1. Hey, can you tell me all the residues within the stretch 644-673 that are in a loop (DSSP other than H, G, I, E, B) and surrounded by fewer than 10 Cβ atoms within 10 Å (Cβ to Cβ)?
2. Mind checking which residues of the stretch 460-481 are touching a helix residue (DSSP H, G or I) at 6+ places or on another chain (Cβ under 8 Å), in contact (Cβ under 8 Å) with a residue 40 or more places away in the chain and open to solvent by 30 Å² or more (accessible area, probe 1.4 Å)?
3. Identify the single condition in (1) assigned to a helix (DSSP H, G or I); (2) open to solvent by 50 Å² or more (accessible area, probe 1.4 Å) that Phe429 does not satisfy, given that it satisfies every other one.
4. Within the stretch 519-537, can one find any residue that is closer than 30 Å to Ser445 by Cβ and of a type outside the set (A, V, I, L, M)?
5. For Glu159, all conditions in the list (1) surrounded by fewer than 16 Cβ atoms within 10 Å (Cβ to Cβ); (2) under 30 Å from Ala380 (Cα atoms); (3) touching a residue at least 60 places away in the same chain (Cβ under 8 Å) hold save one; what is the number of the exception?
6. At pLDDT 85 or above and over 50 Å from the mean Cα position of the chain (by Cα) - does that describe any residue in the stretch 300-316?
7. So in the stretch 206-240, with the set limited to residues that are open to solvent by less than 30 Å² (accessible area, probe 1.4 Å) and touching a Lys or Arg at 6+ places or on another chain (Cβ under 8 Å), which one is nearest to Arg272 (Cα to Cα)?
8. Quick check on my filter: what residues within the stretch 285-317 are closer than 30 Å to Lys230 by Cα, outside any helix (DSSP H, G or I) and open to solvent by 70 Å² or more (accessible area, probe 1.4 Å)?
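The values are calculated or read from the model by the stated rules, or taken from the named source; none is laboratory data. On a predicted model such as this, the values are computed, not experimentally measured, just so you know. Note: ideal-geometry Cβ built from the backbone for every residue, glycine included; neighbour counts use all protein chains shown. With ligands, DNA and RNA removed, areas are computed over all heavy atoms of the protein, side chains included. Shrake-Rupley method; radii C 1.70, N 1.55, O 1.52, S 1.80 Å.
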Amino acid sequence: MLDENTKVPEENNAIMPQNSEEIQKETVQEEIVQKEIVQEEVIQESAAEEKVSEEALSEEIVKEEPVTKETTPESVESSNKAMDEIDDEIAASSEKIEHVNMEDKDYTALTLEELVAELTILVKESPVQSIQNNVNSIKNAFNVKFGEVLRKEKAKFLEEGGNIVDFQYSDPIKTTYNSILYDYKVKRNEFYANQENTLKKNLEAKLELIEDLKHLIDNADGSTMYKIFKDIQTKWREIGPIPRAKYNDTWRTYHHHVERFYDLLHLNNDLRELDFKHNLEEKLKLVQKAEELAELEDVNEAFKELQVVHKLWKEEVGPVARTDREDVWNRFSEATKKIHDKRHEFFKDVRSKYDENVEAKNEVIALIEAIDTSKNKSRADWQKSIDEIDALRNKFFSIGQTPRNVSDKIWGKFKAATKKFNVEKNKFFKEVKKDHLDNLNAKKSLIEKAIALKDSEDWESATEIMKKIQADWKKIGHVPRKYSDKLWKEFKDACNHYFDRLHKRQDAGNKEQLEVFNEKKDILKNLKEDVEDDDKDLTLDDIKEYVNDWRNLGRVPFEMRHIEVKFNKLIDKVVETNDDIDKEEVEMIKFKILVNGYLEQKNYRKLDSEQLFVRKRIDESVKEIQQLENNLGFISNIKEDNPLVKNVRNNINEYKEKLEIWKAKLDYLRQLEY
């Protein structure tokens, strides 16, 4: 603050002016009290003017503006806020080491391999402090492209029946990328560690210059003091950045003693006036620049440029004559205040949008919380829920920023909602992994059985068991991905080994069956010629001979079984055209051919089905006969020669004949041993 009587800036109590008697008593004490003495001397010398040093006000970044007739507490407070903001920004940038950034490039069109090559060149050949933007651009491009690769591999994995929890994917290009990125981080950390040491050394150098300046003031020599002072100023500017936490205090202390020097420079008024004139010209240029910035549309750009202007005002340009200080400073602070107010209006609008984002993000959180996982029973159910959560997460992050005072709360709610889902999801997949382990053991057991049977010579028994093993394998669920390929290969090799042996044996049998087919073709040809010969009447004995010859030949290849149908149709034709042949006997002959074929093929399932079919026909025939006889019971006073009665009687006789055939077939099946 400013003391209302003296308008001298209040600093720490250590440099607060006291009364003149106290100051005189402490002239030999520590440096802090010396500051007060000189300040009091300055006040005494300039009591008539009683103007506040512009540089002293700068030290506080005008934390309170000089209270003139035109100013009000509100305007002072507003100006103070503007200056405080600039002060904070300059302090924040004080420890940044100047460097030239690399030229920005568009990396989005490069392949993964090209991105890694670019990153390698940057890290190995360029200053680490200059490549951050380029590295970040490469990281963004790489993450997008590799994410697409990852999504495709994941989709392929799921299409092949994989479980999401087992998905793993590695790529050499990603390994190389991670390695180069690690090298960058190491170099960056080393650089900033060295920068911290540099900042400390720079601070020590500036503190030494302050001591030199205090010594110069206390031991002033009119003939050399100005030259030494200029040397100190030059060295001050040449020293690099210092820690931000020390920036303002260091700068204020330095400018306090600069002001002391100029107030003592009355010993050489010409030099002082020359400096004042030069400084006034430079400060007016900065004032004009600040006023131009106040008219810029882009408030962020204006604020950024204003920081540069303030830094030049503080660090490059010295004091001006007392008669000019207040006017120049008022213009400068007014332009600063204008930019500050415009910027805060801009961010007020932005904050209103942030408030809308709060509502939007809360809606997304509510949707996440509303997802019901209680009915999820399968991996597909959970995958659907996972996709829903991912979509909502992406929506949450795409909404934008929220006000700082609520951002932590919203983030906490979002994490709690997703954590609740993840707990349930992990619980399910933990059970899935247990099932996977059970499936793993089951498949290992089947592999052991398959390996034990692969060299078996008991073809009939081994084939049935191997087929059952294959069927059981298909029923077993997923196993962990890292085992599935190995297990499948072992199982497939064992099964293929056995069935390759079986097929070789069957191929040998097929050659014999092919010869049977050719011989049956000859029989069929001869039978056809006899049927078409009008001069030859086939008897039952002829048919029996043909049937016996046909049956004794054995089986034909599976794909050639149509010849059996042709033979049976031809026999039926013979029976239908010859009334002397007992149709029932021929029917039994054909039935025996069919059944004996099943026996030869060892197709016992077909034999069982045939027996069930015969029993069903017997039951149907009995029911039909009973129904027809019941119908006759309802007919009275009708003679036996009535057409209706005759028709019913004929139907009953036909069903009884068929019933006898079906019973004969059943008796034949019962006699078989299989």
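1. Step one: filter the stretch 644-673 for residues in a loop (DSSP other than H, G, I, E, B), giving 672-673.
Once the filter is applied, which keeps residues that are in a loop (DSSP other than H, G, I, E, B) and surrounded by fewer than 10 Cβ atoms within 10 Å (Cβ to Cβ), the stretch 644-673 yields only Glu673.
2. Quick first cut of the stretch 460-481, residues touching a helix residue (DSSP H, G or I) at 6+ places or on another chain (Cβ under 8 Å) only: 462-463, 465-466, 469-470, 472-473, 476-481.
Then drop every residue that is not in contact (Cβ under 8 Å) with a residue 40 or more places away in the chain, which leaves 477-481.
Of everything in the stretch 460-481, those that are touching a helix residue (DSSP H, G or I) at 6+ places or on another chain (Cβ under 8 Å), in contact (Cβ under 8 Å) with a residue 40 or more places away in the chain and open to solvent by 30 Å² or more (accessible area, probe 1.4 Å) turn out to be Gly477, His478, Arg481.
3. Condition not satisfied by Phe429: (2).
4. Going residue by residue through the stretch 519-537, those that are closer than 30 Å to Ser445 by Cβ are none.
No, that holds for no residue.
5. In the conditions (1) surrounded by fewer than 16 Cβ atoms within 10 Å (Cβ to Cβ); (2) under 30 Å from Ala380 (Cα atoms); (3) touching a residue at least 60 places away in the same chain (Cβ under 8 Å), Glu159 misses (3) alone.
6. The answer is no; no qualifying residue exists.
7. Taking the candidates together, the pick is Ile217.
8. Listed by number, the list holds a single entry, Glu316.
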